[in-house]
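Inspection log for the structure reproduced underneath, given as structure tokens.
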Amino acid sequence: MTAKEFKRSIAERERFDTYFNYGFFVLIIMSSLFLFYKKATDADYNVLPLAVPFFLLVFGVYGIWRKYKDRDVAVIPSDTPVDEKKKTVVNYLKKLNVRKGSVEGNFYQVKYFTRYWTMVCLYIYVNNDSYYINVKGAKKFLARDKEDESLVRRATLRIENYIKGR
């Protein structure tokens, strides 16, 4: 499995959420464009200030951009056998406060809590050449924010450092 196939397998597991989020944010962008149009063409339309459709437009674009960022994959090349890689992954998962998880062959899907009780979704795939890792905040829908991005970055660095032995 390549990194592209790994991204595709993650996307297939979250197909409904992805389409729902894209639909919602496209709807927000279309409403903001409608409000811009209404404000530009109707001189009597002074119900909302200009900042409202601008905010909706920025919010919609951010939502679409953020969903795209959820599929970033960290690739860690490794020459160790697959069985050793699996043991490394299992040992790392034992250290976490795992809420639920599943294993399908070499593919691990885990949800766990950090020490501050924020939930993280962790996807790991191991093969002969490398580890493929995807981490995302488990907050659903609109709850993602800058804190979520830093949480994902820290969790990714933590597992990379563990695998590399630092």
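The values are calculated or read from the model by the stated rules, or taken from the named source; none is laboratory data. Because the structure is a prediction, the values reported are computed rather than measured. Using ideal geometry, Cβ is built from the backbone for each residue, glycine included, and neighbour counts are taken over all protein chains shown. Heavy atoms of the whole protein, side chains included, go into the accessibility calculation; ligands, DNA and RNA do not. Shrake-Rupley method; radii C 1.70, N 1.55, O 1.52, S 1.80 Å.
Look at segment 1-19: where a residue is more than 18 Å from Asn106 (Cβ to Cβ) and a partner is of a type in the set (A, V, I, L, M) and open to solvent by less than 80 Å² (accessible area, probe 1.4 Å), sitting 6+ places away or on another chain with Cβ atoms under 7 Å, you get Thr18/Ala11.
Working only within segment 1-47, note down all residues that are polar (S, T, N, Q), surrounded by 13 or more Cβ atoms within 10 Å (Cβ to Cβ) and more than 16 Å from the chain's Cα centre (by Cα).
Applying the first criterion (polar (S, T, N, Q)) to segment 1-47 yields 2, 9, 18, 21, 31-32, 41, 46.
Right, trim to surrounded by 13 or more Cβ atoms within 10 Å (Cβ to Cβ) and you get 2, 9, 18, 21, 31-32.
Within segment 1-47, Thr2, Ser31, Ser32 qualify.
Restricting Lys67, Lys139 to those that are basic (Lys, Arg), modelled with pLDDT under 85 and in contact with a Ser or Thr (Cβ under 7 Å, 6 or more places away or on another chain) reduces the list to Lys67.
The helices (runs of 4 or more DSSP H) found entirely in segment 1-101 that carry 2 or more residues being in contact with a Leu (Cβ under 8 Å, 6 or more places away or on another chain) are 15-41, 51-69. Considering the conditions (1) more than 25 Å from Thr18 (Cβ to Cβ); (2) surrounded by fewer than 19 Cβ atoms within 10 Å (Cβ to Cβ); (3) over 18 Å from the mean Cα position of the chain (by Cα), Lys85 is excluded by exactly one of them, (2).
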